[in-house]
Each structure stands twice: as C-alpha cells, then as structure tokens.
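Here the structure is laid out as structure tokens; the discussion comes afterwards.
The values are calculated or read from the model by the stated rules, or taken from the named source; none is laboratory data. Keep in mind the model is a prediction, meaning the values are calculated, not measured. All Cβ positions, even for glycine, are placed from backbone atoms using ideal geometry, and neighbour counts span all protein chains on display. In case anyone asks, the SASA skips ligands and DNA or RNA and just uses the protein heavy atoms, side chains included. Shrake-Rupley method; radii C 1.70, N 1.55, O 1.52, S 1.80 Å.
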Amino acid sequence: MTTFPAPHATAPAPRFRLDFGLVAVIALCLLALWPLLRQPGLPNGEDILYHVYRAAEMDRAWAQGTLWPRWAESFYLGYGSPLFHYYAGGTYVVTSLLMRLGLDALNSARAVIALCMVGGGVGMYLWLRGQAGWLAGVIAAVCYVYSPYFVSTEPYGRGVLPELLALALFPFVLWRY
C-alpha cells in the first residue's frame, strides 16, 4: 500500500525575499543625498526657486478646483502666463501631491530631489539586474546616481527639477521596455 504525503508536508514557498542588492542601492543613494540632508532650505541652484513657485501655483490652482491649470494667474505681476502649456508639468504634479500630504513648497521640492535620486538608482538597478545580474545592477546604479550630472549639476548647480525627474524615470522606461 502506497502512502502519499499530506498536503501540508511541503514547505510553503517564501512570499517575500529581501533583495540585498536593492537595499545596498537604496543605502548608497541615500548617501548621495548627504549635501541635501546636511543643510536646511533649498540647494543654491539657478532655477530651483522658479520650480518652487510653479509648484505652489499648481497647488493653488488645485485648491481652486482646477485639476490641470493652463494659465498661471499669479505670475508676472498678476498678468499671468501660459506656463503650463509650454513647460513639463509632471514635476509640479508630484510636488503638489507632496504639498497636499502636508509638506510646504520648499520641503516638497527637497523631497522630489530625494525621490529622484533614490528612484533613479532603483530603476537602474532593476533594469540591469534583469539583464546582467544583481552585481551589475548595483554597479550600474551607483555609476548612474553618482555621475556628476545627476548627483551635482541637476539638483545643486542648475536646480532643474523636471530634468532630474526625467533622468530618474529613464531607467524605469528601459526596465519596462
């Protein structure tokens, strides 16, 4: 007479497995944020203050019930500007969402910089992990985040948040493609 093992005799498959390469990438990306975390306020970039004003304008339009504003009413001495027609508005949507969660305009801009740094590294790791393994993913993510343009020029030199967000989203596009 043959006996069959009980259904509960096999070990259940693990549901969650910690990816140590991903943890290392996030830790190294947080280390790249040290200049931002060390000092309060905004980085001394050329355009950073303009982006804070635009995010505050987007949030003001949301408070008035306009989901996607086309006209920035309070710009240029109250005459307004068709700013949201001609400039990438995704960054201001993210910043305004952070403002809706309780941050002010300055700290939401700082949070967007932090999200872009960590997000760019995670995206690059995920893309290269699938192509060449976890070690290649970690090396590529560190090289991407610590490249001078990504870690220094965009957030601290130029202060262009939409370009920084585009650079952070690019590895995710490659990963999903």
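Of the residues that sit in the stretch 99-113 and are open to solvent by 30 Å² or more (accessible area, probe 1.4 Å) and either assigned to a helix (DSSP H, G or I) or in contact with a strand residue (DSSP E or B) (Cβ under 7 Å, 6 or more places away or on another chain) (or both), which one is farthest from L28 (Cα to Cα)?
R100
G45: assigned to a loop (DSSP other than H, G, I, E, B) and either at positive phi or modelled with pLDDT of 90 or more (or both), yes or no? In short, no.
Search the stretch 7-21 for residues being modelled with pLDDT of 75 or more and either open to solvent by less than 100 Å² (accessible area, probe 1.4 Å) or of a type in the set (D, E) (or both), and hand back the single one that is nearest to I139 (Cα to Cα). That would be G21. Within the stretch 75-88, is there a residue that is under 19 Å from Y156 (Cβ atoms) and among the polar types (S, T, N, Q)? Within the stretch 75-88, none of the residues are under 19 Å from Y156 (Cβ atoms) and among the polar types (S, T, N, Q). Checking each residue in the stretch 54-66 for being open to solvent by 20 Å² or more (accessible area, probe 1.4 Å), assigned to a helix (DSSP H, G or I) and without any contact (Cβ under 8 Å) to a residue 24 or more places away in the chain picks out R60, A63. Among the residues of the stretch 140-162, which ones are surrounded by fewer than 22 Cβ atoms within 10 Å (Cβ to Cβ), more than 14 Å from A114 (Cα to Cα) and modelled with pLDDT of 90 or more? Listed by number, the residues that qualify are A140, V142, C143, S147, P148, Y149.
Scoring A24 on the criteria (1) open to solvent by less than 50 Å² (accessible area, probe 1.4 Å); (2) closer than 23 Å to E163 by Cα leaves a single failure, condition (2).
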